[in-house]
1. Longer than 27 Å from Cα to Cα, which of A:Lys205/B:Lys464; B:Lys73/B:Lys338; A:Lys142/B:Lys564; A:Lys142/A:Lys201; A:Lys201/B:Lys564; A:Lys73/A:Lys201 are they? Say none if no pair is.
2. Which GluC sites (Glu not before Pro) in region B:128-212 pass both tests, a DSSP loop state and at most 16 other beta-carbon atoms within 10 Å?
3. If you project the alpha carbons of region A:1-92 onto the principal axes, what extent comes out on each, in Å, largest first?
4. Work out the mean other chain Cβ neighbour count within 10 Å for the residues of B:453-464 and drop it here as an integer.
5. Of the chymotrypsin sites (Phe, Trp or Tyr not before Pro) in region B:1-87, which ones lie in a loop per DSSP and count no more than 13 other C-beta atoms within 10 Å?
6. How high is the FRET efficiency from A:Ser39 to B:Asp401, r the C-beta distance, R0 56 Å, rounded to 0.05?
7. Taking 7 Å along the Cα-to-C-beta vector as the label spot, tell me the A:Asn179-B:Arg429 distance in nanometres, rounded to one decimal.
8. May I ask you to evaluate 6.51 cos²θ - 1.76 cosθ + 1.60, the Karplus curve with θ = phi - 60°, for each residue of region B:644-659 and list the ³J(HN,Hα) values in order in whole Hz, giving x for glycine and proline?
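What follows draws every value from the coordinates through simple rules; no lab data is involved. All values derive from a computational prediction rather than experimental measurement. Neighbour counts run over all protein chains shown; Cβ positions are idealised from the backbone, glycine included.
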Amino acid sequence: MGRSIAIVEDEPSIRANYVEALTRFGYQVAGYGSRPEASRAFGTRFPELVIIDVGLGDEPDGGFELCRELRAKSPALPIIFLTARDSDFDVISGLRLGADDYLTKDVSLHHLAARISALFRRLDALSKPTSKETVVEHGPLKLEAERMRVTWNGEEVPLTVTEFWMVHTLVRFPGHVKNRDQLMREAQVVVDDATITSHIKRIRKKFIAIDAAFDAIETVHGVGYRWTT
Amino acid sequence: MSLRFKLLLIALSTLALPLAGWLFVRQMEELLRQGQEQTLIASARALARSLNALNAELPPAGAALYVHPAPGKITIDGYADDWKRIISYAQKLGPPNDPEKLSALLCSDDDWIYLLANVRDATRNRVDARDPRAAVSDHLTLTLQREALVRRYLIASGAPGHFDALTLNDATDNALPTVLEGAWQEDGSSYRIELRLPRAQMPDKISIAAYDSDAPSGDTADMLPLLSLSSQLSDELAQFAPEGMRVRILSGDGWVVATAGALISPTGAPMARRRWLENVVYRQLLAPGLTEAADFSVALPRLNATEVWQALSGVTSTAWHRSAADSGVVLAAAVPLKSSGEVRGALLLEQASETLPLLTNRALLSVAIASLLALIVAGGVLFAFSSVLSLRIRRLRDAADRALRISGKVDNAALPLIDARDELGDLARSFAGLLDEVNAYTDYLRTLASKLSHELQTPLAIVKSSLDNLDHQSLPAAALPYIERARGGAERLGAIVRAMSQANGMERAIGGAEAEDFDLTAVVRGCVESYRPIIAPRRLEFDLPSTPIFMHGAPELIAQALDKLVDNARSFTPDDGWIHIALRARDDGMELSVANSGPPLPPTMQDRLFDSLVSLRPSAATKPSETPHLGLGLYVVRLITAAHRGAASARNLEDGHGVEFRLLLKGMPRKPMAPT
């Protein structure tokens, strides 16, 4: 019996495609076309992961609304936004509401599957003891690859999956410059340069929120970024 | 021509004011003059009538010989130098076909009457008067008449010098001289005689005739009465002469036979001198009717003026002369003097008038001052008005220009004159309406790409997810290539959609960019190094300053703008071409330029290159595998430049073999420190 996934998507073709594809990956998938329908279903039984479209039928922000509802009921439920909206503003709104990841619809099914399994892996890892091999430590930074968890001076940095992979890419080879393409590949996202820049900015901000003196991510203009120790 | 200048020209139309004033003053002067003329004519007529009533002795009608007062002491020597002052008044007495053959001049002093006669005769056939051939040789015949007594004298001389002229009649009476003595002189073209007779024996009438032996003619001539300035007539005249006027009586030939009174200027000479400017003005502008005349102030023996001749022909007339004192005018009225229906002479009455010029000058002056004031006021008012007008128009134009420069992103409240109630306000409101339209359209264009991309993403996601699902179906091998192609198409479509939303994303990213102080040289150097592999095999040249250039801005945005420019340059540069990147500090900011060899820009496109969705790349040049260019790259460059308060420009290199893009960057405005 696979893990249960709920897809809330108003476009029937996409919903059907995703349901079929994820079913093929071995998950138990249920699709819902509107927020009320999904809310009703979630009232009886929670899935283990939810994929939500932001614009749902007549409600342009119905996805955000649903996310807020779900997060209130279950703080640990992994939530992925999958939407046609790709503006930074929407991404930030989604993530602020507690979504674990935010993907645009041009992501391929394989990428989607990879994200889903990564989220499940993190969920599993959080309940398992940490294995030594997957932990990377650099000064105040501690990165647990299995749990997809990053701590700075022992304090957890709340990174999304995309952000985690970016940090992971940089940290694996400290001092090496990683260009935008590499970061994109590792994080398995296909976005433009400006989005990479804003991701990096957000990562920096999250670290700085914990330690105001943080400056480990250095910008190499015209090339990319590197982790300095 | 500026509006201000045009309105000033219009202000010149007030010049019609002095013109009208001038015409008016002239007309007024004309009327005044006519009045004065009438008055003077009336006076002259009254005077003439008085003379008639008195039975005053009028000059005889017809020709006469005028006896001048002697110009000095006259020596009888046959030479005319004593006569110099009056020689120009010599009367021509020759035969009608050659009146200048003989000219004669008479003058008298207290004791003597002198006669000077000049005969033009180049041939000589001279004998003494006593010679029997005298009658057929060159000679003069002088006939004197006193009352009933008539005596003829033959004047001839065999040689220059003294001569005696014998009377041809019996000489028993002593009323006229029996022998005339005189002097004979001659030169190449003429001979001259000068003689005198005692005043006591003064004749009433004289006739002189010249006999030329080469052209024999009758040696008789008309007896001419003698005329002279008559003191008796002058005295009579003086009784009637109005004060301040001069009266003269002229004979039928214009000889002055009586004079009385004198011209008196109403004002003194110093005043006149002070007003020389007014006189000039008067003469130049107002008094074109002045006739030039011989100076009347000296007592001329003969007057030669139009009004005199008209009066002598029987017509009353008037004339305006320039006065001798040079400060006014003299009005002269001439009326004929008639005796039993026959014109015997003329009476000339003259009046100096200074009040007339004074009056009209004053009128003209006030007209001139008034119109000058009007001109200044009208000019000033129009200038001020046009200045305000053109200032307002310029403000409106500047605002419209500004609005155009920033692609219609204009705040309508910023348009000036929008509340004005006149036509400019209407214009401003029309502009505002127009700009609203432009704004809406620009907004539509701006958001079109992102809206479109947004709308396209869902169907694209359907295609892509369907293709992904299809992978897992058992398909015939023959279907696989089609799946691949469909996937390729979907990828490209995805790339297009991403590019379309990119500009919109960029705008947001630029808006959210945080400014920091950084070294622009280091950023550009880092970028240039990373371009080397991408640009190869094209040559990369760069010209960067050795010192850091600090700037307040977003380095990643600058790097991104440079990326776009270099990417743009790369796609237009042939493989053997070059790309040149330069950075230099200018007074007004930092100039970053990217030049490349390649085809020049079409001139019409240079201004629009940085607009959204404008691309110069021919669609055929896009390889199937590449993402199509939507013309967003340079738009992004412009957005970034604008965020740094700079300007982007493109131009062809002077040699025509390349293109240069220039960014002028000034840095982002510093935000005030956020409160902690």
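1. From A:Lys205/B:Lys464; B:Lys73/B:Lys338; A:Lys142/B:Lys564; A:Lys142/A:Lys201; A:Lys201/B:Lys564; A:Lys73/A:Lys201, over 27 Å: A:Lys205/B:Lys464; B:Lys73/B:Lys338; A:Lys142/B:Lys564; A:Lys73/A:Lys201.
2. B:Glu147
3. That works out to 37, 29, 22 Å along the principal axes.
4. Counting Cβ atoms of other protein chains within 10 Å of each residue's Cβ and averaging gives 6.
5. Passing sites in region B:1-87 are B:Tyr79.
6. 0.50
7. About 5.9 nm, to one decimal.
8. Computed from phi, the couplings for region B:644-659 are 9, 6, x, 9, 10, 9, 10, 8, 7, 5, 5, 7, x, 10, x, 9 Hz.
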